[in-house]
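Novice: For reference, the structure I am asking about is given below.
The values are calculated or read from the model by the stated rules, or taken from the named source; none is laboratory data. As the structure is a prediction and not an experimental result, all values here were calculated from the model. FYI the Cβ positions are ideal-geometry reconstructions off the backbone, even for glycines, and counts take in every protein chain you see. These area figures cover heavy atoms from the full protein model, side chains too; ligands, DNA and RNA do not enter into them. Shrake-Rupley method; radii C 1.70, N 1.55, O 1.52, S 1.80 Å.
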Amino acid sequence: MPSLLQLEPLLLPGCPLHSPFQSGLGDMRGGNGTAVTEFVLLGFSGYGSLRGPLFWGVLLVYLVTLLGNLLIILLTLADAALHSPMYFFLRHFSGLEILYTTTVVPRMLADLLSSCPTILQASCFTQVYFFSLFGITECGLLTAMAYDRYAAICRPLRYSTLLNPGACVCLVGACYLMGIITSTTYSILIFTLPFHGTNIIHHFLCDILPVLSLASASTFWGEVGNLVVTIAFILTPFSLIIVSYACILVTILGVATSQGRRKVFSTCSSHLFVVMLFFGTGIVAYMRLGAGSSQTRDQILALFYAVATPMFNPFIYTLRNKEVTGAMRRLVKKYLWSP
């Protein structure tokens, strides 16, 4: 029975496949073949008639993501009641969500309509770089948002000092700087490896592990780098967030009235839910050595954290947040219902 690699020319007729079975390159990691200059994204090639409905579904999710996150940015800028550190961080987080999903979705939509979804190596590098940059920066911002809730609930008398405007700008700047340095270093580390074997990526985007698996040289340091990045920028922030919420829980239990407890829970539940969605999928996707994993599982996870999660956030932060819904009503009343 032919393997998947041997069936790939049938799935993507006319594509510039650079497969060992076609060109006689021998070992997929052999370094004596022609250098790969473009990759073929095999992610959606086997979906057949489902590609049309998938295109419209992803497009709808993307539009909702754009509109929802733009609405949060507009509300936090226009309403004076939302000019607080928590909504300053939320505004930046919503902007990052737009950039994060835009790194993936437009190209995904184009590939769903294409019979030969190819991507140049330079474009693949760009996608890996910005996908990593925005993802790592979001991890930092979610941690800063947890610190904001910790300071507001556990250190209320020092809150205005701990999170003054200058401190908020420094925290956000540190998140962006952390993302830039890490994504630049790691992307260069991956793409300076030689690629002489197959050019077929079993994914719908250029993600770190699928690209790393195609390198012709040893990928040991790349895999170690992936593990270090996962521990430093996914597990460590997640642990800090959990510690922050443990302290918040202790403080909540000391609140005398049930009304006070409900108010604290309502301000924290939205952020905690987003944290679980974002970090949960990230840990499952990246906390492993090597790229040997279920390709279907990896694609489903990537669809979830790159496409679906950014759409959920506006609903989580608006429907479960009385301050945001109140700001929305005031904005509608001011600009749409005003006499």
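Novice: Under 6 Å between Cβ atoms, which residue pairs at least 6 apart in sequence (or on different chains) link something in segment 139-159 that is open to solvent by 30 Å² or more (accessible area, probe 1.4 Å) with a partner that is of a type in the set (Gly, Ala, Ser) and part of a helix (DSSP H, G or I)?
Specialist: Pairs that qualify, where the first residue is open to solvent by 30 Å² or more (accessible area, probe 1.4 Å) and the partner is of a type in the set (Gly, Ala, Ser) and part of a helix (DSSP H, G or I), are Tyr150/Ser244; Tyr159/Ala151; Tyr159/Ala152.
Novice: Follow-up. If you check Gly135 against the conditions, is it surrounded by 15 or more Cβ atoms within 10 Å (Cβ to Cβ), free of Cβ contacts under 8 Å to residues at least 40 places away in the same chain and assigned to a helix (DSSP H, G or I)?
Specialist: no
Novice: Among residues belonging to segment 160-177 that are in a helix (DSSP H, G or I) and open to solvent by less than 20 Å² (accessible area, probe 1.4 Å), point out the one that is nearest to His92 (Cα to Cα).
Specialist: Val172
Novice: Look through segment 294-311, keep the residues that are open to solvent by 40 Å² or more (accessible area, probe 1.4 Å) and modelled with pLDDT under 85, and return whichever of them is nearest to the chain's Cα centre (by Cα).
Specialist: Ile300
Novice: Which of the numbered conditions does Val40 fail, given that it passes all the others? Conditions: (1) aliphatic (A, V, I, L, M); (2) at pLDDT 80 or above; (3) farther than 18 Å from Pro210 by Cα.
Specialist: (3)
Novice: Kindly list the number of the only condition in (1) touching a Leu at 6+ places or on another chain (Cβ under 9 Å); (2) modelled with pLDDT under 80; (3) open to solvent by 60 Å² or more (accessible area, probe 1.4 Å) that fails for Ile180.
Specialist: (2) is the only condition that Ile180 fails.
Novice: Scanning segment 40-85 for residues that are hydroxyl-bearing (Ser, Thr, Tyr) and more than 28 Å from Leu112 (Cβ to Cβ), which turns out surrounded by the fewest Cβ atoms within 10 Å (Cβ to Cβ)?
Specialist: So the residue we want is Ser84.
Novice: Within the set of pairs 6 or more residues apart or between chains, which connect a residue that is in a loop (DSSP other than H, G, I, E, B) inside segment 64-79 to a residue that is not small (Gly, Ala, Ser) with Cβ atoms less than 8 Å apart?
Specialist: From segment 64-79, the pairs are Asp79/Arg330; Asp79/Leu331.
Novice: Taking Thr126 and the conditions (1) at pLDDT 90 or above; (2) crowded, with 18+ Cβ neighbours inside 10 Å; (3) under 18 Å from Ala302 (Cα atoms), which numbered condition does it fall short on, given that it satisfies the others?
Specialist: (2)
Novice: For segment 209-237, enumerate the residues that are over 19 Å from Ala302 (Cβ atoms) and polar (S, T, N, Q).
Specialist: Ser216, Ser218, Thr219, Thr236, listed by residue number.
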